[in-house]
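See below for the structure under consideration.
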Amino acid sequence: GYDETSIQDIVDELGMSKGAIYYHFKSKEDILDKICHQYYDDMNWYEDIVRDTTLNGLQKLQKLFLFELTDKTKREIDIISLPMLDNPRIVTSELESAIELVAPLLEKLIRQGVQDGSLQVKSPKDAAEVMILLINFWINPGLFPADRERFMQKVRFYKEVTDGIGLPLIEDSFFSVCEDYYNAVYAERNDRLAGQNRG
């Protein structure tokens, strides 16, 4: 786990010198921050969606959400980060990333949707933050282990919430993508936890 891993452990595992590690990172916390931010360092996938002139703001948001749920790299990061979600420091870092890095990207697309008439959202900034907090923290079965049925129940409620604030993001096809995402990232872990709780 994060707390029990030292810089020396990292050095030993990588076969590098401490000097080489400290050349790139000031501390173990810096390494963690890099892990938490790495997916958003390369924003080509986002820029491709933003520049697509065939899509309105709502369609861009829908495409963005589907991409994040189906992207192999994102799924791998989510699987790798699962054991770290027990650590409050890591959850806080993820929360900061969501609000500082992701919410402004969503806000930009919401504002575009309001401008092109595909969305009727009164407060794009608040809507973006609520969207990302609910999906990354409340729905996330890594933080709140849930079986498939409970996870999908939360996704259905998320649709009600987003529809209610003028963001009709979720179409019928989104539900099967969510279920596939759950199966790929969380099912094995949550089934194991459920078995431990019964035992």
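The values are calculated or read from the model by the stated rules, or taken from the named source; none is laboratory data. Since we're looking at a predicted model, the values are computed, not measured. We place every Cβ from the backbone using ideal geometry, glycine too, and count neighbours over all the protein chains shown. The area values use the complete protein model at the heavy-atom level, side chains included, leaving out ligands, DNA and RNA. Shrake-Rupley method; radii C 1.70, N 1.55, O 1.52, S 1.80 Å.
If you filter the range 140-165 down to residues that are at pLDDT below 90 and open to solvent by less than 30 Å² (accessible area, probe 1.4 Å), you find that the one that is farthest from Phe67 (Cα to Cα) is Ala146.
For Thr73, the conditions (1) in contact (Cβ under 8 Å) with a residue 12 or more places away in the chain; (2) part of a helix (DSSP H, G or I); (3) surrounded by 12 or more Cβ atoms within 10 Å (Cβ to Cβ) are fulfilled apart from (3). Based on what the data block shows, is Phe157 of a type in the set (Phe, Trp, Tyr) and part of a helix (DSSP H, G or I)? So Phe157 fits the description; yes. Note on the range 53-70: among residues that are over 13 Å from the mean Cα position of the chain (by Cα) and of a type in the set (S, T, N, Q), the one that is surrounded by the most Cβ atoms within 10 Å (Cβ to Cβ) is Gln62. Screening Ser123 on (1) open to solvent by less than 50 Å² (accessible area, probe 1.4 Å); (2) closer than 24 Å to Tyr182 by Cα; (3) over 16 Å from the mean Cα position of the chain (by Cα) shows it passes everything except condition (2). Filtering the range 76-95 to residues that are surrounded by 14 or more Cβ atoms within 10 Å (Cβ to Cβ) and either over 22 Å from Tyr46 (Cα atoms) or charged (D, E, K, R) (or both) leaves Asp78, Leu82, Met84, Leu85, Asn87, Ile90, Val91, Glu94.
In a residue-by-residue description of the range 41-51, the property of being more than 16 Å from Tyr186 (Cβ to Cβ), buried (at least 18 other Cβ atoms within 10 Å of the Cβ) and not hydrophobic (A, V, I, L, M, F, W, C) applies to at least one position. Taking the criterion of being in a helix (DSSP H, G or I) and farther than 23 Å from Glu100 by Cα, the only residue of the range 116-126 that qualifies is Asp116. Selection of the range 166-199 for residues being assigned to a loop (DSSP other than H, G, I, E, B), modelled with pLDDT of 90 or more and under 21 Å from the mean Cα position of the chain (by Cα) yields Leu167, Pro168, Leu169, Ile170, Glu171.
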